[in-house]
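The values are calculated or read from the model by the stated rules, or taken from the named source; none is laboratory data. Keep in mind it's a predicted model, so treat the numbers as computed, not measured. Glycine gets a Cβ as well: all are built from the backbone with ideal geometry, and neighbour counts include every protein chain shown. Remember, those area values only see protein heavy atoms, side chains included, never the ligands or the DNA or RNA. Shrake-Rupley method; radii C 1.70, N 1.55, O 1.52, S 1.80 Å.
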Amino acid sequence: VDIVNDHTPQDTATDSIDNALLVSTANCYVSPTGGNVWPYDTPETAAKNIADAIANAVERVILLPGVHTGLPQVTDSATANNFIAIINRPLSIEGTENPFDTVLDCEGGGGFMLKHPEAKISGFAIYNFMTKANTAALSVVDGVASNIAVWGKSGYVPNTAYPITVSGLMTDCVITNVIRSNNAWSGKGMMSVMGGTVQRTKFINTSIGTA
């Protein structure tokens, strides 16, 4: 945007403001094979990086099937934990009916944090998470996580933090192939629920070791 102050013909000043206008779209797509063409509003032009779609979407981010990799981490200032995404505004991130069809590979980092009552995620798997320090698979501070798979490899052992913390709502989810063995035990289990609700959620091939 150029700003021109033309007070008199002899007194003219011009200045510029970068990023003065923010152009967004209601729905953005993300795909491992997307064209990565802004504003990411069709499956063909889908972003390859979920962070780009989140920054541009007003209402929904739609994750297309496949294994999503190379996802950068962002840090939550309150906890210093790292996640693929921190949703702190009204926004829905939606995948597929079968969450295992749409896989977000954390590559040892954190998964998702929800920090708004109208933040929602559904329909994808959070995979290969939190072998690195200062990470968590899923933190629902506020908002709703539904039809999410928290999926470790066979015999998967995360770091000593809680993989999942819930103060909002977690419903119709599955936690599978996550092992808390003795050498990973630090007085913590699989999930911490404080003031939140967890319902219709299955634990499959998952175990907690003893001190």
Conditions (1) closer than 18 Å to residue 201 by Cα; (2) buried (at least 16 other Cβ atoms within 10 Å of the Cβ) -> residue 98 fails only (2)
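The rows are residues; the columns are (1) open to solvent by less than 40 Å² (accessible area, probe 1.4 Å); (2) more than 16 Å from residue 46 (Cβ to Cβ); (3) hydroxyl-bearing (Ser, Thr, Tyr); (4) in contact with a Leu (Cβ under 9 Å, 6 or more places away or on another chain).
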residue	(1), (2), (3), (4)
58	no, yes, no, yes
79	no, yes, yes, no
115	no, yes, no, no
130	yes, yes, no, no
Considering the range 114-135, residues that are hydrophobic (A, V, I, L, M, F, W, C) and not in a loop (DSSP other than H, G, I, E, B), and then whichever is farthest from residue 177 (Cα to Cα), we arrive at 119
Picked from the range 179-211 (must be at pLDDT 65 or above, over 14 Å from residue 165 (Cα atoms) and of a type in the set (A, V, I, L, M, F, W, C)), the residue farthest from the chain's Cα centre (by Cα) is 208
Counting only residues in the range 136-157 that are part of a loop (DSSP other than H, G, I, E, B) and within 23 Å of residue 119 (Cβ to Cβ), the one modelled with the lowest pLDDT is identified as 136
Scanning the range 158-180 residue by residue, those assigned to a strand (DSSP E or B) and not hydroxyl-bearing (Ser, Thr, Tyr) turn out to be 164, 166, 169, 170, 174, 175, 177, 178, 179, 180
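Based on what the data block shows, is residue 136 under 18 Å from residue 207 (Cβ atoms) and buried (at least 21 other Cβ atoms within 10 Å of the Cβ)? Let's see the steps before the verdict.
Numbers: under 18 Å from residue 207 (Cβ atoms): no; buried (at least 21 other Cβ atoms within 10 Å of the Cβ): yes.
So residue 136 fails the test.
Each row is one residue, and each column tells you yes or no for (1) open to solvent by 10 Å² or more (accessible area, probe 1.4 Å); (2) on the phi > 0 side of the Ramachandran plot; (3) small (Gly, Ala, Ser).
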site	(1), (2), (3)
107	yes, yes, no
143	no, yes, yes
151	yes, no, no
177	yes, yes, no
Across (1) farther than 22 Å from residue 122 by Cα; (2) touching a His at 6+ places or on another chain (Cβ under 9 Å); (3) at pLDDT 95 or above, residue 36 clears everything bar (2)
Out of (1) open to solvent by 50 Å² or more (accessible area, probe 1.4 Å); (2) modelled with pLDDT of 95 or more; (3) under 30 Å from residue 159 (Cα atoms), the one residue 54 does not meet is (1)
